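A short worksheet on the structure shown next.
The values are calculated or read from the model by the stated rules, or taken from the named source; none is laboratory data. Remember, it's a predicted structure, so these values are computed and weren't measured experimentally. Don't worry about glycine lacking a Cβ; one is built from the backbone with ideal geometry, like all the others, and counts go over all protein chains shown. In case anyone asks, the SASA skips ligands and DNA or RNA and just uses the protein heavy atoms, side chains included. Shrake-Rupley method; radii C 1.70, N 1.55, O 1.52, S 1.80 Å.
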Amino acid sequence: MIPPRAPARAARRLALGALLLAVPARAQTPGAEGPVAPGTESATGLAGFGAAAAAEQRAFEEALRAAVEPDSLRRWSRGLAAQPHVAGGPGQRATRDSVVRWMREAGLEVGYDSLVLYLPYPRRVRLARVLPTPLEFALAEPPLPGDPTSGANPVPVFHAYSGSGTVEAPVIYANYGMPEDYRVLDSLGVQVRGHVVVARYGRAFRGIKAREAERRGAAGLLLFNDPAADGAARGPELPDGPMRPARGVQRGSVYNGDGDPSTPRGPSVPEAPRVDEERMEGIARIPVLPIGAGAAEELLGPLAGPALPEEWQGGLASLAGTGPGPVTVRLEVEMERGPEAFRAAFNTIGAIRGSEWPEEWVLMGAHRDAWGPGAVDNVSGTASVVAAARAFGVAAAAGWRPRRTVVFATWDAEEWGIIGSTEWVEANAARLRESAVAYLNQDGVVSGPRFGAAAAPELAGLVRDATTAVPAPAGTGTVAEAWRREAADDDPEAEEPPVRQLGGGSDHKAFYLGLGVPAAGFGFGGPGGVYHSMYDGSTWMERFGDPGYLRHAATARLAVTLLARLAGADVLPFAHDDLAAWVAGELDRVGPDVEAALRLAGAIGGPAPGAADAPDPLPAEDDAARAVRESLAAAREAVASFGREAGAFAVTRDRRLRFARPDPETARRVNESLLAVGRELAPPGAPTALGTRNLLVASDPDNGYASLALPEVRLALRRGDPAGAAAALRDLERALRAAADRLAEAAARLGPAPPAGRPGGASPETPGAASRP
C-alpha cells in the first residue's frame, strides 16, 4: 500500500481535451515548494536526481511497484481476451469501455477519441486446388479442446488491405518471397508473372512480401508459417504444446504505409476529407491470403520444375521443386468497398497531472486491437498499461504525484498498420514536439521467460538501470541479473546484454521515428505458435506463456519505474553521450559502403574494397567522390563535437545536482533544451502529415520491422547515388551541430558546476525544488 503524504501545491487542471484531438494552450507551471537542506546531496547513481531527491524517488518507485499485483493483471487480461477484438468490431468497443472504466476507477482523468478509419473486412475468401486433384481448403482454424475462446466468434482468415480478385493460375514456391529469392527463381528460369506465389513468413514484414510479388506480376500470394519457425519442427503442437498446429494461420496487414490510407495528410477525424480507394497508397492490388502449413504442404508437395535449393526446404518434409506445374489453384478474395469499409475506432487516453511541470508529458502506450483473443498480442501490453495507470492512480490518491504529467494510452488499429497511434500523433504533433519527454511502448510483452529490450540509445542505460530495481519474476535476484545470465548463455564474452535499436512494426513509430521522441520497449519472450491466430488466448497464456502472471507483473513494475524516473527527475536522464557513441559507430560502419558505392558508380578507380591487390595510395577520384568523402569527414567531426558537449553536460549535471537541486524554472528551461536535442535530429522535411524525418533511424523500407541507421545516407547508397549520400551526410552534420548547440545551451542554463571534489552544500540563496520526486 502506498503511504499517504502531504499533497503538493495544486496545479491547474489539465483539460482532457489536451490529451485527445485538440491542441490546447500550455498549462501554468506551479512554483517551488521549499528548500533542500544544505549539505545533504551527494552522488547517487540515479541519473537526474540529487541525493535527497533520489532517496524519496526510490521510496516512491518501491511503492509503485508494490501496487502492481499479478492477480489484478490476471483479471484484466482474462477480461480483455474473453473474445476476439479486431479493430472496428464490437469486441474492440468492449475493450475500450473496460480500459476507460478501470482507469477511471483508479482516479485518472480518462476518455477516448473518435476516429473513422478505412478498415475493409472480407466479404468472401476461398481457396481450392484445381490440379492435379481437386481439393477445397477449409481455411478456418478448428477450435481446440479445453480452449473456449479458440472457437468463439472466430475472426475470418484474411489479410488486411489485400486486393480483391478471383484468379486461377499455376503455383510457384518463392521461399520467403524476398528480392533475393526472386533472383534465385530468375536464375532457374522460373517465371513469376501470372502465377500464384506461395511464400513462408519470416525475414521481413508480410507487406514487403506482397509488394515484391505484385511488382513481379504475380496473380496472387499465399503466405504460411513454416513449421521450422513456430510449428511441429520446434516442439509439440497445440493443444499438447505451445507451437502452431498445421491449420493455424497468421492473419495480419499487408499495408505498406503510415496511418489511415484514406487520410494521408491529416488525422482521420469523422469530418476529414478522404481520397478515393483507387488512389490509396500502400495497399495491395492482388489477392493475398494466409494459409496453414498443412495447406501449404498440399500445394507445394506435388510441385515439379527446377529442384528446390536446399536452404528453401524449411519444415515441410515433402518439398522437391519450385514449380510451376502440376499444381493450379483458384484463389478468391473479395474485400469490402465504399462506405461499408469505414469503421469507428477509438484510442483511450488517461492521465495523471504533473505537480510541477504538467506541460511536459511522459507517455506509455499499447495497442488494444488483436487478430483474435490476443492474450499475447496485445492484451499483455494493454494490461501492463492498465497496471501502471492504476499504480500511479493509487499513489496520487495517497498524495504522491509525479512532477511531469504521465499519459497512459491504448491504441486502436495497430494491427492494420499502426493506424490509431499515428492518427493521434498527427492530431497532436505540434503539442508533442513541445511536450513529449519519452514514449514507452508495450507490444506483445509476455510470451515466455526471456527478458529483452529495445530503446533509443539515449534511453538504453536508463532501461538497464531500472532492471536492477525490479525483482525477477522467477527465482531470486533482479530482472537485470536474470537478463545477464541469459545473455551470457548466448554470448559468454558479452559484458552486458544487448539493448536493440527500435525499428518499425509498432506504436513507437510515429513518436520516435516521426517526431524524434526517445522511446523504449521491453518484455519477456519465448517460443510459441499463436501469433495472430485464434489460439492466442488466456488458455495458452496460463499454460505456456505466464501461468502465474508474474512476468506480466515484472514488466509493469519495470514500466512504472521508468515512468517515475522520467516524470520525476530534476534534469531529464538522457544519456546523449551514448547516443553520440552510437552515431559515431554507425558512421564508421557506413564508411566502407560509401567506398563500395563510389566504385560501383565509377567515381573512383581501383579494385573493390577488400581486394588483395588494393593499392596503398588513394585512388583517383571525381567530384562526387570528393564530395561524399568530405561530407563523411564533416559528419564525423560533428558527432565528435556532439559527444564532447554531451559529456561536458553530463559532468555539469551530476556535479550541479550534488551541489543543489535547480529551482523549478531553471529545471524547466534546461529540460526544454534537452528535449530540443531529439527534435533537431528529426527536423522538418518529410512530405507527410507529421512533417518530420528522423535522420538517425528509420524502419527499413525493404524489411518493415528492422531499423535502418542513418536512413537517408543508407538509402542513397542503395540507389547508387553518391551525390545523394553526400547531401544526406551534410544534413546529418548540420543536425548534429544544432543538437550540440542545444546541449551547450542546456549546460549554460543549468549554470556552472562546482569544481570536482568541492564539499557539497547549497548556498542559502539557491531556491530549492519541491520535495516530491
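The label point for D97 and the one for A233, both projected 7 Å from the Cα toward the Cβ, are 4.6 nm apart.
With the highest mean first, a sort of the peptides 438-451, 584-597, 394-407 on other beta-carbon atoms found within 10 angstrom per residue produces 438-451, 394-407, 584-597. Measure nothing but the geometry: give the 0 to 90° angle between the long axis through the Cα atoms of 90-105 and the longest principal axis through the Cα atoms of the chain, rounded to 10°. So the helix axis and the longest Cα principal axis differ by about 10 degrees. Computed from backbone phi, the HN-Hα couplings of the range 338-343 come to x, x, 5, 7, 9, 9 Hz, rounded to whole numbers (Karplus: 6.51 cos²θ - 1.76 cosθ + 1.60, θ = phi - 60°; Gly and Pro given as x).
Can you give the FRET efficiency to the nearest 0.05 for E62 and L131, using r as the Cβ-Cβ distance and R₀ = 56 Å? After rounding, the FRET efficiency stands at 0.25.
In a fully extended conformation the segment linking T476 and A584 would gain 35.1 nm over its present Cα-Cα distance, using 0.36 nm per residue.
Report the Cα centroid-to-centroid distance between the range 420-474 and the range 66-143 in angstrom, as an integer. The two parts, judged by their Cα centres, are 23 Å apart.
Per-residue ellipticity at 222 nm computed for the chain from its helices equals -11500 deg cm²/dmol, with DSSP H segments shorter than 4 residues left out and the rest contributing -39,500 (n - 2.57). The slack between A744 and R668, meaning 0.36 nm per residue of separation minus the straight C-alpha distance, is 25.8 nm. Accessible area per residue for the chain in Å², computed with a 1.4 Å probe and the full protein assembly in place, what is it? Ligands and nucleic acids excluded, the result is 36 Å² per residue. Note on the chain: with neighbouring protein chains present and a 1.4 Å probe, carbon and sulfur make up 53 percent of its accessible heavy-atom surface.
Which distance in nm do the two modelled labels at D276 and L188 give, with both placed 7 Å along the Cα-to-Cβ direction? In this crude label model, D276 to L188 measures out at 4.1 nm. Between A317 and E105, the FRET efficiency estimated from the beta carbon spacing at R0 = 45 angstrom works out to 0.25.
Once C-alpha pairs closer than 8 Å and six or more residues apart are averaged by separation and normalised to the residue number of the range 116-252, the relative contact order reads 21 percent. Between amide H atoms placed 1.01 Å from N, distances below 5 Å from Y255 occur with no residue 5 or more places distant or on a separate chain. In this structure, A304 and D622 have a Cβ-Cβ separation that, at R0 = 41 Å, corresponds to a calculated FRET efficiency of about 0.20. The angle between the Cα long axis of helix 70-80 and the main principal axis of the chain comes to about 40°, on a 0 to 90 degree scale.
Peptides 121-131, 716-726, 266-276 ranked from most to least packed, by the mean per-residue count of other Cβ atoms within 10 Å: 716-726, 121-131, 266-276. Give the relative contact order (percent, whole number) for the chain; include only Cα pairs under 8 Å separated by 6+ residues. For the chain, the relative contact order is 19 percent. Put simply, when 91-104, 208-221 are sorted by average Cβ atoms within 10 angstrom per residue, most first, you get 208-221, 91-104.
Could you work out how far helix 51-66 tilts from the main Cα principal axis of the chain, as a 0 to 90 degree angle to the nearest 10? With rounding to tens, the tilt is 40 degrees.
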